[in-house]
Amino acid sequence: MDQVEQTRSEALQALQAASSLEALENVRVATLGKKGSLTGLLKQLGALPVEQRKEFGAKVNVVKAELEQAIEARKTSLQGAELDRKLAEERIDVTLPARPLRQGFIHPISQTIDEIVAIFGDMGFVWADGPDIEDDWHNFTALNIPPEHPARQMHDTFYLPPREDGTPMLLRTHTSPVQVRSMVSQKPPIRIIVPGRTFRMDSDVTHTPMFHQVEGLVIDEATHMGHLKGCLQEFAKAYFEVSELPIRFRPSYFPFTEPSAEVDIGCSWSNGELKIGAGDSWLEILGCGMVHPKVLEYCGVDPTKYQGFAFGMGIERIAMLKYGIPDLRTFFESDLRWLRHYGFAALDVPSLTGGLSR
Ligand code: PHE
């Protein structure tokens with residue numbers, strides 16, 4: 001076999017063996033490239049005797065054309081195989097159902113706060129807030145709980161290092177200090193609703209060290225117990241979405257209100273299931289009273305001219321009652337399964353008359 005024929009058959013063999021486009025390109029370079037085997041033969045042309053040149057050159061050129069064609073054909077077939085492989089590998093099954101978009105959920109605490117604020121907003125209350133870290137004066141003293149007062153022991157307080165000027169600091173044990181802040185900073189009439197975090201050193205089945213309260217405060221010239229009662233009655237009906245809801249005021253004691261009361265709503269139990277509404281049982285939902293004249297004085301409000309009422313409610317508690325959530329601690333465990341079960345869709349906005357506009 002002459003040199004040309006040998007180069008041809010080697011190249012043809014190699015390009016049939018090339019199983020990828022990359023391997024084929026290597027064959028092309030090794031044959032037809034600058035330093036390729038066939039190109040090498042052409043370079044020998046000049047060294048040949050004149051009479052052989054023509055014939056040899058023509059032969060090499062024929063082989064060259066043949067190989068170029070063969071490479072092109074092999075390339076097309078490899079590209080086809082590559083496409084088939086990709087199509088098989090990346091097959092999309094358009095009949096598969098779409099993956100659902102996971103929706104976020106509103107935590108029951110946020111939902112309950114929104115509902116409460118909407119209901120009181122409808123009655124003319126405005127939202128207010130204060131800091132979680134309070135000083136002793138706002139949390140206790142101005143609320144008529146002076147330093148040695150036994151009522152301080154009712155609150156298991158988390159104390160913080162005092163301020164540089166010696167002011168004792170703490171995590172607020174209730175939302176009532178916002179009453180003080182509002183009276184100090186604005187002139188009556190005042191009508192505020194204050195949802196927020198509160199803290200007590202307490203942890204068992206029915207207590208968590210952090211929990212939520214909502215405070216209400218009304219200060220005006222002729223406010224009396226009847227207003228307090230009517231306001232809370234309207235709230236309870238709207239919040240629990242029960243049109244006939246008996247409400248009972250039980251005498252109680254808070255240093256910052258006089259008289260003070262605890263409020264119960266009617267309910268009944270059947271087969272261990274709670275039903276809110278007229279029934280043979282009562283459930284406590286909040287504490288309230290007429291703002292103590294001493295508190296008004298502490299806050300710079302003239303008690304001979306102004307009176308007011310205040311109330312404070314545990315948010316987890318009334319959320320548990322309305323939505324049938326049995327365990328307080330689950331509110332703060334961040335268990336997504338719990339949130340999916342008890343949470344609310346983002347687009348369910350509370351209506352002004354309470355409840356959800358589904
Ligand atoms: N601050 C009281 C508590 O935490 C509740 C309350 C608020 C009572 C306002 C009367 C008036 O228990």
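The values are calculated or read from the model by the stated rules, or taken from the named source; none is laboratory data. As the structure is a computational prediction, the values presented were derived from the model and not from experiment. All Cβ positions, even for glycine, are placed from backbone atoms using ideal geometry, and neighbour counts span all protein chains on display. For the accessible areas, the whole protein counts, side chains as well, though only heavy atoms, and no ligand, DNA or RNA atoms are used. Shrake-Rupley method; radii C 1.70, N 1.55, O 1.52, S 1.80 Å.
Taking only C-alpha pairs under 8 Å that are 6+ residues apart, what is the relative contact order of the chain in percent?
The value is 17 percent.
Give Lys64/Lys86; Lys237/Lys275; Lys237/Lys322; Lys187/Lys305; Lys34/Lys59 a once-over and call out the pairs whose C-alpha atoms are over 21 Å from each other.
Details: Lys64/Lys86 33 Å; Lys237/Lys275 14 Å; Lys237/Lys322 12 Å; Lys187/Lys305 12 Å; Lys34/Lys59 19 Å.
Listed pairs above 21 Å: Lys64/Lys86.
Angle check, please: helix 108-122 long axis (alpha carbons) against the longest principal axis of the chain (alpha carbons), in degrees 0 to 90, nearest 10.
50
Accessible area per residue for the chain in Å², computed with a 1.4 Å probe and the full protein assembly in place, what is it?
Numbers: 20210 Å² over 358 residues.
Accessible area per residue, the chain: 56 Å².
In the chain, if the dipole is taken from +1 on Lys/Arg beta carbons and -1 on Asp/Glu beta carbons about the Cα centre, which of Ile265, His107, Leu42 is farthest to the positive end?
Leu42
Quick one: grab Rg to one decimal and Dmax as a whole number for the chain, Cα atoms only, in Å.
Rg and Dmax of the chain, Cα atoms, are 42.3, 134 Å.
Find the percent of Cα-Cα distances in the stretch 3-43 that exceed 11 Å, and round it to a whole number.
Looking at the stretch 3-43, the distances longer than 11 Å represent 59 percent of pairs.
Just need the relative contact order of the stretch 267-337 here, percent rounded to a whole number, with Cα pairs under 8 Å and 6+ apart.
Details: 60 pairs, mean separation 15.7, N = 71.
It rounds to 22 percent for the stretch 267-337.
Of the listed peptides 186-192, 273-279, 89-95, what is their order by residue-averaged count of other C-beta atoms within 10 Å, with the highest listed first?
The peptides rank, most packed first, as 186-192, 273-279, 89-95.
With everything on Cα atoms, drop me the angle between helix 3-17 and the longest principal axis of the chain, reported from 0 to 90° to the nearest 10.
20
What is the helix-to-structure angle for 225-240, meaning the angle in degrees between its Cα long axis and the longest Cα principal axis of the chain, kept from 0 to 90 and rounded to the nearest 10?
So the helix axis and the longest Cα principal axis differ by about 30 degrees.
Is there a quick way to get the dipole size of the stretch 109-352? I mean about its Cα centre, with the Cβ of Lys and Arg at +1 and of Asp and Glu at -1; what is the value in debye to the nearest 20?
With only Lys, Arg, Asp and Glu charged at Cβ, the dipole is about 220 debye.
Based on the Cα atoms of the stretch 2-90, what semi-axes does the equivalent ellipsoid have, where each is the square root of 5 times one gyration tensor eigenvalue, given in whole Å with the largest first? Let's see the in-between values first.
On the way: eigenvalues 212, 22, 16 Å².
The three semi-axes for the stretch 2-90 are 33, 10, 9 Å.
Given a 1.4 Å probe and every protein chain left where it sits, what share in percent of the accessible area of the chain is carbon and sulfur? Present the calculation step by step, with values, prior to reporting the outcome.
Values: 11070 of 20210 Å².
For the chain, the apolar C and S fraction of the accessible surface comes to 55 percent.
Rank-order 31-38, 281-288 by packing density, defined as the average count of other C-beta atoms within 10 Å over each peptide's residues, highest first. Provide the component values of the computation, followed by the final result.
Details: 31-38: 16.2, 281-288: 18.5.
Ranking the peptides 31-38, 281-288 by packing returns 281-288, 31-38.
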